[in-house]
Amino acid sequence: MTLKRAKEVIRIEAQAIQDLVRHIDGHFLKAVDLICKCRGRVVVTGMGKTGIIGRKIAATLSSTGTPSLWMHSAEAVHGDLGQVTRQDILIVISSSGETEETKRLLPIIKKIGVKIIAMTGSAKSDLARHSDVVLDVSVKKEGCPLGLAPMASATATLVMGDALAACLIDRKGFKKEDFAFYHPAGSLGRKLLLKVEDIMRKGSHYPRVKEQAIVKDVLLAITQARCGSACIINKRGKFVGIFTDGDLRRHLETDTNLLSRKVKDVMTQHPTTISKDKLAVEALRILQDRRIDELPVLDTRSRLVGLLDVQDLLKAGLV
């Protein structure tokens, strides 16, 4: 019985979402237009379970370029309506459209002059009659065995809110970079905002040795800097190559005098490099594609300014 009930609830809620497709019409387009033209914020309000859904809708709108806030319908008539201005749009969520706390808001909202978008399951309710736009989130059946707890209706409301947010993203031309701006602490923010120069090794934190240096001294410099490689420069200070752990292993197999060789004779010439203003996630792709662990970092004039190690990407949370 338990598995049967679980599957039934999922089917009911899936059907409720599918039925929403028929409700995406001119009313939905008008709602998108109203929000796009809004000079203030989108204020989302509701009660109970749908109120919780409203919180999520407000959060999604805010994080995708539409300033929004959540307002509890009961608290609204006890002072929170002071947050609402004539420039705002009010999204009111009520399955029945007859919730007492919500109905008490309507005359005050009308007096303020705010446009109302209703998300309701009843097109003939008081809420629907007093709204500028009605988004139909009605469902044929709730998932609750008792037919009381808002399950399918809450899901339908959530999806309708997501549909609004997605269309607003398109209409406003909201980009990944914009999303990252509002999520600087998240993994996406790090991927889209973090640049190579933000995490590369600089100054004494990476070894730079002249091409005339012998391998033994280069290895000492690598050890002291706690790196996996050394960047090689010529007499004029120009970057000419890199000496890595891989170079050491390859030459050790055939050259017993390797430690006394000049590094210019055993280094990797013309190695893969990256510009300091590139995104760190781009550096990660290069390291993965080339199967290497270090990238010399150059400035816009092709001058050596740092070294990026795969460990630096690990510390930054990109791996």
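Laboratory data are not the source of any read-out in this text; all were calculated from the coordinates shown. Computed from a predicted structure; not experimentally measured. With ideal geometry, Cβ positions are generated from the backbone for all residues, glycine too; neighbour counts draw on all protein chains shown.
Worth a mention:
- Share, in percent, of DSSP beta bridges within the chain that are antiparallel, nearest 5: 40 percent
- Sequence-ordered 3J(HN,Hα) estimates for region 299-311 from the Karplus curve with 6.51, -1.76 and 1.60 and θ = phi - 60° stand at 8, 5, 9, 6, 9, 5, 10, x, 9, 10, 9, 4, 5 Hz, glycine and proline given as x.
- One entry in [x] 24.6; [y] 15.4; [z] 18.5 is mean projected area of the Cα convex hull in nm² calculated from the shown coordinates; its label is [x].
- For G306, nonlocal amide neighbours, meaning residues 5 or more places apart or on other chains whose placed amide H falls under 5 Å from its own, are V297.
- Extension gain for D299 to K172 (0.36 nm times residue separation, less C-alpha to C-alpha distance): 42.2 nm.
- Taking max minus min of the alpha-carbon positions on each principal axis, region 27-70 gives extents of 29, 23, 15 Å, largest first.
- The loop-placed trypsin sites (Lys or Arg not before Pro) in region 230-319, going by DSSP, that have at most 13 neighbouring Cβ atoms within 10 Å of their Cβ come out as K235, R236, K238, R291, R301, R303.
- In summary, the helical segments of the chain meeting the span-like criteria, namely a full DSSP H run, a Cα extent along the axis of 27 angstrom or more and a mean Kyte-Doolittle hydropathy of at least 0.5, are 152-172.
- Normalised alpha carbon radius of gyration of region 2-174 [divisor 2.2 N^0.38 Å]: 1.00
- In plain terms, the chain from D277 to D162 could stretch by 37.9 nm, reckoned as 0.36 nm per residue minus the Cα-Cα distance.
- Calculated [θ] (222 nm, deg cm²/dmol) that DSSP helices of n ≥ 4 give over the chain, each run adding -39,500 (n - 2.57): -13500 deg cm²/dmol
- Region 217-319: GluC sites (Glu not before Pro) in DSSP loop, at most 13 other beta carbons within 10 Å: E253
- Relative to one another, the C-alpha centroids of region 42-82 and region 285-318 are positioned 44 Å apart.
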